[in-house]
Amino acid sequence: AAGALEKLPVAKVTNLARALDEADAAGYTIYAAGGAAPGTDGKPGSGPRNPFTEPLRTPAVLVLGNEDSGIRPNVAKRCHFTLSIPMARDFDSLNVAQAGAILVGCFAARRHKG
C-alpha cells in the first residue's frame, strides 16, 4: 500500500546492476527471489535458501524477479544469495507482490526475534 512508502526506504535507479554494485560495496547483503539460479550463494549449484529457516543478514537488498522471466543474468550474478519460498505442491506459485510481502515479513520477523 502507498502508506508503506512513508516507512520503508525505497530507491528508484536507472541501472540496477550498478546500484547493486554500490550496495555491495556499502556492505549490504543482496538477496534474489524469483528465478535467479546462477551464482546462488556465490557458488554454482549451491541452491536457493529457505527464508523461514535460514539466517537472513541485514542490512539487505531484496531483488524480486519478474513473474514471467525472473531476474536478468547480469543482475542475478550480483546477488549473494537466492531465496525460495517453499510451496506445498510443485504447481503452486505466487505472484511477485505476494512473494515480496512474505519475504519482507521473514526479514521483519528475524529483526524482532530477539
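Under Stokes-Einstein, with the Kirkwood radius over Cα pairs standing in for Rh, what whole-number D in µm²/s applies to the chain at 4 °C and 1.567 mPa s? Here the translational diffusion coefficient equals 88 µm²/s.
Net charge dipole, the stretch 45-113: roughly 420 debye, given to the nearest 20, about the Cα centre with Cβ charges of +1 for Lys and Arg and -1 for Asp and Glu. Simple rule: put +1 on each Lys or Arg Cβ and -1 on each Asp or Glu Cβ in the chain, find the dipole, and look at GLY34, GLY105, SER93; the Cα lying farthest toward the positive end is GLY105.
How big is the antiparallel share of DSSP beta bridges in the chain, given as a percent to the nearest 5? If we restrict to bridges inside the chain, about 10 percent are antiparallel.
Counting every C-alpha pair in the stretch 58-114, the share spaced more than 16 angstrom apart comes to 51%.
A DSSP coil position with no more than 14 other Cβ atoms inside 10 Å describes the following chymotrypsin sites (Phe, Trp or Tyr not before Pro) in the stretch 65-114: PHE91.
Since every read-out is calculated from the coordinates, none of them should be taken as a lab result. What you see is a predicted model, and the numbers here were worked out from it, not measured in a lab. Cβ: placed from backbone, ideal geometry, glycine included. Neighbour counts: every protein chain shown.
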